[in-house]
1. If I stretch the segment between Asn147 and Thr216 completely, what's the gain in nm (0.36 nm per residue apart, minus their alpha carbon distance), one decimal?
2. Could you sort Thr201, Thr51 by their accessible area in this structure, using a 1.4 Å probe and putting the largest first?
3. If you rank Asp194, Asp250, Asp235, Asp69 by how much accessible surface each has, with a 1.4 Å probe, what is the order from largest down?
4. How many Å² of accessible area per residue for the stretch 155-264, probe 1.4 Å?
5. Kindly provide the helix-only [θ] at 222 nm of the chain, computed as the sum of -39,500 (n - 2.57) over DSSP H runs of four or more divided by all residues, to the nearest 500 deg cm²/dmol?
6. With everything on Cα atoms, drop me the angle between helix 2-29 and the longest principal axis of the chain, reported from 0 to 90° to the nearest 10.
7. Comparing Gly267, Gly226, Gly236, which has the greatest mean-square fluctuation in the GNM of the chain with Cα pairs linked when under 10 Å apart?
8. Å³ per residue of the Cα convex hull, for the stretch 178-283?
Amino acid sequence: MKLKNLLAMTAIALLTASCSDDDNNENESINPAVNVAGTYAGYSEAAFQYTDTPLVSADESLTIQTDADNTTATITYTSSSFGEFTISGTKVTYASGTYTLSGEGSTMMGMSGNVSEYECTLKGTLNEAKNEGAFTFNVPAVMGGMNITFTLGEIPVSKLLAGSYEGWTEASCAYFEGMQATDQTLLLTANADDTFTLAYTSDSWGEFSFESLSVTSANGIYTLSGEGVTMMGMDGNISEYPCTVTGSIDANKENISFTFTVPGVMGGLTITFTQGEAPAANE
């Protein structure tokens, strides 16, 4: 009995040692800083204390290059919206199918040509297949502390379209045409079912609310549409009216317009919201 036990224990010990050697060989064959090198496509989100909704930027890329010592990496990320980031000497580790990256560097960031250099830190992860991951750059000295997260993959429509839009409106009805209002704001919020909620409050036209706008896309243009209500009136006599809205937003969020239609007001009221400032000739 003792001999059988001894033989069994010896076999277990040999098997354990063999597995341990295999694990060590596998880990030795992985050079994390070399394995993660490449260019990654994705999108970014910037969060800071002055906005409730992160600013987003689609179609961005991030590059990882192995440093000369083959043990660390340099990460470069140039964003059309948020600046240029360089993190040299980034530490790269691998465990349980996940690459983890961390380091310190700098970013060139600014507006209207006034660009300054700021210190920043990086924390990021990549899965073993390197098709999923996220990198977060923290810039403490900007906007009370800004976090910019680059995520691999295409940006979800909910993140791309949601946000606050500023612009101007032009209204027409049976009694007038081309009446303008400036400094107008729309708020678009994503719902869990892939629809959107739209809120528009205007000093000139009242309060508009839409709880479930549908969205379709074609040729880089997203079209939203749906039914809602508006609270509208004069001299304190406020009534609720049914209304509809149709809007379009391009992928770069540079050409945005929404048209509100209120059939029961002034023989049919149409209000068109356009992002940006009203043309000088129309002011």
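The values are calculated or read from the model by the stated rules, or taken from the named source; none is laboratory data. Bear in mind the structure is a predicted one, so any value in this text is a computation, not a measurement. Note that each Cβ is placed from the backbone with ideal geometry, even for glycine, and that neighbours are counted across all protein chains shown. Surface areas here come from the heavy atoms of the whole protein model, side chains and all, with no ligands, DNA or RNA. Shrake-Rupley method; radii C 1.70, N 1.55, O 1.52, S 1.80 Å.
1. On the way: separation 69, 0.36 × 69 = 24.84 nm, distance 3.05 nm.
Length gained, Asn147 through Thr216: 21.8 nm.
2. Thr201, Thr51
3. Values: Asp194 115, Asp250 15, Asp235 145, Asp69 90 Å².
I get Asp235, Asp194, Asp69, Asp250, largest accessible area first.
4. Working: 5880 Å² over 110 residues.
Roughly 53 Å² per residue, with all protein chains present.
5. On the way: 3 runs with 37 residues, N = 283.
Taking each H run of at least 4 residues, the total per residue is -4000 deg cm²/dmol.
6. Computed tilt is about 50 degrees.
7. Among Gly267, Gly226, Gly236, the largest GNM mean-square fluctuation belongs to Gly236.
8. Numbers: hull volume 12.3 nm³, N = 106.
Each residue corresponds to 116 Å³ of Cα convex hull volume.
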